[in-house]
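K.L.:
Please see the structure below; I have some questions.
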Amino acid sequence: MKLIGNKIIIRDLKLSDEEDYYQYGKDEHVGPNAGWKPFPNRMVANRVLSGQIMGHETFAIALKDSNRLIGTISLYNSGLRKYNKVRSLGFSLNYDFWNQGIMTEAVLLIVEYAFMKTDCELLEVGHHLDNYGCKRVIEKCGFSFDGVLCKYKKLYDGRIIDACFYSMTKQEYERKKKYE
């Protein structure tokens, strides 16, 4: 896959991304906001990266001018809803690139891809209750708030967290596109 935006490209992950992947994934600001422990070393980062490459559900967010990996975005089946044309969206971004509109651009590109190039009929996305940056991206991209799922999951550090969930149907997406 290759999706081209103004500042970024969404493309397949590759093993050559390993250094950039480790550098952003070890940051204390990134992983915990997404629910995962920062990478303690390159070996762990490489193992996670290899798994994501093999899973074909997580894609690189790379700078358009240099093709440097600065984040990831996933389109997957979480199993939260029991319907096979639902996809879940997950994302993380190098801390150095927060608050620059990059994640909003990435999410909008993947939403268009999901609805126009796959059989997806509904996209769902969630964030931890206190992840306000993620909340803002989701809202800017036009998702509707579904509610809070209490005690959603246990994190790597033992905390049990609530999560806010949002969704967008293909019909809602098409209606919004019609009036842009």
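The values are calculated or read from the model by the stated rules, or taken from the named source; none is laboratory data. Keep in mind it's a predicted model, so treat the numbers as computed, not measured. With ideal geometry, Cβ positions are generated from the backbone for all residues, glycine too; neighbour counts draw on all protein chains shown. Protein only, heavy atoms only, side chains kept; ligands, DNA and RNA dropped before computing areas. Shrake-Rupley method; radii C 1.70, N 1.55, O 1.52, S 1.80 Å.
One line per residue, one yes/no per condition, for (1) acidic (Asp, Glu); (2) more than 24 Å from Gly51 (Cβ to Cβ):
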position	(1), (2)
Leu93	no, no
Trp98	no, yes
Val111	no, yes
Phe115	no, yes
Asn131	no, no
Lys135	no, yes
Glu139	yes, yes
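K.L.:
Step by step: first the residues of the range 70-85, then only those that are among the small types (Gly, Ala, Ser) and modelled with pLDDT of 95 or more, then the one that is farthest from Asp27 (Cα to Cα). Which residue is that?
P.N.:
Among those residues, the one meeting the criterion is Ser74.
K.L.:
What single numbered condition from (1) open to solvent by 80 Å² or more (accessible area, probe 1.4 Å); (2) modelled with pLDDT of 95 or more fails to hold for Tyr132?
P.N.:
Evaluating Tyr132 over (1) open to solvent by 80 Å² or more (accessible area, probe 1.4 Å); (2) modelled with pLDDT of 95 or more leaves (2) as the failure.
K.L.:
Please specify each residue of the range 78-97 satisfying the condition of being in contact (Cβ under 8 Å) with a residue 12 or more places away in the chain, assigned to a loop (DSSP other than H, G, I, E, B) and open to solvent by 70 Å² or more (accessible area, probe 1.4 Å).
P.N.:
Correct list: Leu80, Arg81, Tyr83.
K.L.:
Here is a further query. Could you grab the pairs with beta carbons closer than 6 Å, sequence gap of 6+ or different chains, first residue in the range 56-75 and touching a residue at least 60 places away in the same chain (Cβ under 8 Å), second one of a type in the set (Asp, Glu)?
P.N.:
none
K.L.:
Is it the case that Asn77 is of a type outside the set (D, E, K, R), within 15 Å of the chain's Cα centre (by Cα) and more than 25 Å from Gln23 (Cα to Cα)?
P.N.:
yes
K.L.:
Return the pairs, sorted by first residue and then second, in which the second residue is open to solvent by less than 80 Å² (accessible area, probe 1.4 Å) and part of a helix (DSSP H, G or I), the first residue lies in the range 161-177 and is within 14 Å of Ile110 (Cα to Cα), the beta carbons are less than 6 Å apart, and the residues are 6+ apart or on different chains.
P.N.:
From the range 161-177, the pairs are Lys170/Phe115; Tyr173/Phe115.
K.L.:
What number of residues within the range 16-62 are open to solvent by 30 Å² or more (accessible area, probe 1.4 Å) and either acidic (Asp, Glu) or in a strand (DSSP E or B) (or both)?
P.N.:
Counting residues in the range 16-62 that are open to solvent by 30 Å² or more (accessible area, probe 1.4 Å) and either acidic (Asp, Glu) or in a strand (DSSP E or B) (or both) gives 6.
K.L.:
Pairs, please: C-beta under 6 Å, at least 6 apart or cross-chain, first residue over 14 Å from Lys117 (Cβ atoms) and in the range 1-13, second open to solvent by 20 Å² or more (accessible area, probe 1.4 Å) and part of a strand (DSSP E or B)?
P.N.:
Sorted first by the residue in the range 1-13, then by its partner, the pairs are Arg11/Lys2.
K.L.:
Right, here's the next one. When you check Leu108 against the structure, is it buried (at least 20 other Cβ atoms within 10 Å of the Cβ) and assigned to a helix (DSSP H, G or I), yes or no?
P.N.:
Against the criterion (buried (at least 20 other Cβ atoms within 10 Å of the Cβ) and assigned to a helix (DSSP H, G or I)), Leu108 does not qualify.
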